[in-house]
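Quick notes on the structure that follows.
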Amino acid sequence: MTAKKRLTQCAYCKGNTCDPSTGINEPMPPIDKAPPTCPMRKYEEVIRQGNTHYHKKNIQEFARLASVQEAQCYETEGGEIKTRIPRIEEIMQFADKCGYTMLGLAFCLGLRAEAKKITRIFESNGFDVASVCCKVGRTPKESIGITGEHKIRGSEAMEPMCNPIVQAELLNTQNVDLAILLGLCVGHDTLFIKYCNVPCTVLAVKDRVTGHNPLAAIYLSESPYYGRLQKTEKPQKPKTEWKKVDITVEK
Ligand code: SF4
């Protein structure tokens, strides 16, 4: 099978087979009603294996509480399902359910003001908060091979690098119960997640031009404003001349 043929394509499906909204005792639609690119048809064994992880008691409990929290983010009024709370309250309620009292906030320097407000909110709700800014360690960008032309403030500037690995290690060291990402850059967030050893979640991702709301560009992708996102010509191959980077680390 070619790499492309192995791809699952839930994004092009309505999801009627995996989420059929049947009653608890009603039969589910047969799997072959799903499109041929459905993971339930292509990767039955992966799904079976993946589900075994929930047999671990602590993982099952974490998953159970996440679903309890999910349901508590809605309410039914006059037969209508309505949303209830913003993500920051969802995080606090979930942390509380898990018995987590010490939160770690890994934030981007550009969201320092937000980090302060968020910390105050968490603290006023009874949590202890360890916060770490991305520039911690003030390690020069030169140490990872950045040269002048790739600096933001010009080649002569001393620019400390964003340091997601140290952010993660600091929160690991302080043994926080739950690490929370706030506005880390693309790639920096990847490294943070890779090196963070405690449970972690995201309060907000960085999007410099949309007030940190990346979906704004998606919502405008059929308008002249961000229509450029959806290419009309067939993509040329190869799409990249860059070498593939593997961040697997030998243990
Ligand atoms: S799991 Fe299958 S049925 Fe569900 S959205 Fe994906 S392709 Fe569709």
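His55 to Gln174: FRET efficiency via 1/(1 + (r/R0)^6), r the Cβ-Cβ distance, R0 22 Å, to the nearest 0.05? Efficiency at R0 = 22 Å is approximately 0.10.
If you take every DSSP beta bridge fully contained in the chain, what fraction is antiparallel? Give it as a percent rounded to 5.
Working: 5 of 20 bridges.
DSSP beta bridges in the chain are roughly 25 percent antiparallel.
The sum of -39500 (n - 2.57) across all DSSP H runs of n ≥ 4, divided by the residue count of the chain, sets its helix-only mean residue ellipticity at 222 nm to -8500 deg cm²/dmol.
Which whole-number percent gives the relative contact order of the range 22-147, counting Cα pairs below 8 Å spaced six or more residues apart?
Numbers: 79 pairs, mean separation 18.3, N = 126.
Worked out over the range 22-147, it gives 15 percent.
Below 8 Å, C-alpha to C-alpha, sequence gap of six or more: please give me the relative contact order for the range 152-247 in percent. Present the calculation step by step, with values, prior to reporting the outcome.
Working: 85 pairs, mean separation 18.6, N = 96.
Reported as a whole number, the value is 19 percent.
The alpha-carbon of Lys141 sits under 16 angstrom from the alpha-carbons of these lysines, leaving out residues fewer than 8 places away in its chain: Lys151.
So if I take the centroid of the Cα atoms in the range 1-68 and the same for the range 202-238, what is the distance between those two points in Å? A separation of 28 Å, based on Cα centres. Here's the picture: charge each Lys and Arg Cβ at +1 and each Asp and Glu Cβ at -1 in the range 99-251, and of Gly227, Ile146, Pro160 the one pushed furthest to the positive end of that dipole is Gly227.
Please find the FRET efficiency linking Ser21 to Glu156, where r is the Cβ-Cβ separation and R0 is fixed at 45 Å, and quote it to the nearest 0.05. Can you show the working numbers first?
Details: r = 61 Å, r/R0 = 1.36.
Computed FRET efficiency for Ser21 and Glu156: 0.15.
Remark: spin-label model distance Tyr12-Tyr43 equals 1.7 nm, labels positioned 7 Å along the Cα→Cβ axis. Computed across the range 86-230, the Kirkwood hydrodynamic radius from all distinct Cα-Cα pairs reaches 16.5 Å.
FYI, it's all coordinate maths here, none of it is from the lab. What you are looking at is a predicted structure, and each value in this text was computed from that prediction instead of being measured. Note that we place each Cβ from the backbone using ideal geometry, even for glycine, and neighbour counts take in every protein chain shown.
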